[in-house]
Amino acid sequence: MKRTRDQLRAELLTEAEEVIDELLDWHEGTEAPTLTEIEDVVLKLRKQLGERMAGTVLEDQEAVHPVPGPDCPSCGQEMHYKGMKEVTVEGRNGTMKLERAYYYCSPCRQGFFPPR
């Protein structure tokens, strides 16, 4: 089910607050960090937040644009929906775990996670 803008905003804000808390915890527990140490932590947390934000939007996109029975790339027959399964995706923001629709072609024994 597609989430409303307010629901997505609340989820994204929660994710941002968790990353901010992690930064503040590090800041409070680190005495006299160097600029390099601060940048390293901020870059790590920025990457983490970007992955989480992209994952949230991608998961919502699945609910809006489900892919009905794509054709098998090998035989051209319609692939059958097998349910939602977890897949790991490597994007420009890093690695994300998403729950996506999974399709399977019995004759070819091939599975497929459509991008949307």
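Things worth noting here:
- Reduced Cα scattering model of region 1-64, Debye log10 I(q)/I(0), q = 0.21 Å⁻¹: -0.83
- ³J(HN,Hα), Karplus 6.51/-1.76/1.60, whole Hz, each residue of region 26-41, x for Gly, Pro: 4, 4, 5, x, 10, 8, 6, x, 7, 4, 4, 5, 4, 4, 4, 5
- The chain, dipole about Cα centre (Lys/Arg Cβ +1, Asp/Glu Cβ -1), debye to the nearest 20: 920 debye
- Here's the picture: charge each Lys and Arg Cβ at +1 and each Asp and Glu Cβ at -1 in the chain, and of Gly111, Met79, Ala54 the one pushed furthest to the positive end of that dipole is Met79.
- Sequence-distant contacts, meaning Cα pairs under 8 Å at least 6 residues apart, place the relative contact order of the chain at 22 percent.
- Global geometry of region 68-116, whether rounded, prolate or oblate, following the gyration tensor of its Cα atoms and the 1.5 cut on a/c: prolate
- The chain: mean projected area of Cα convex hull, nm²: 9.2 nm²
Every number in this text was worked out from the coordinates using simple rules, so none of it is lab data. Given the structure is predicted, the values throughout are model-derived calculations rather than measurements. All Cβ positions, even for glycine, are placed from backbone atoms using ideal geometry, and neighbour counts span all protein chains on display.
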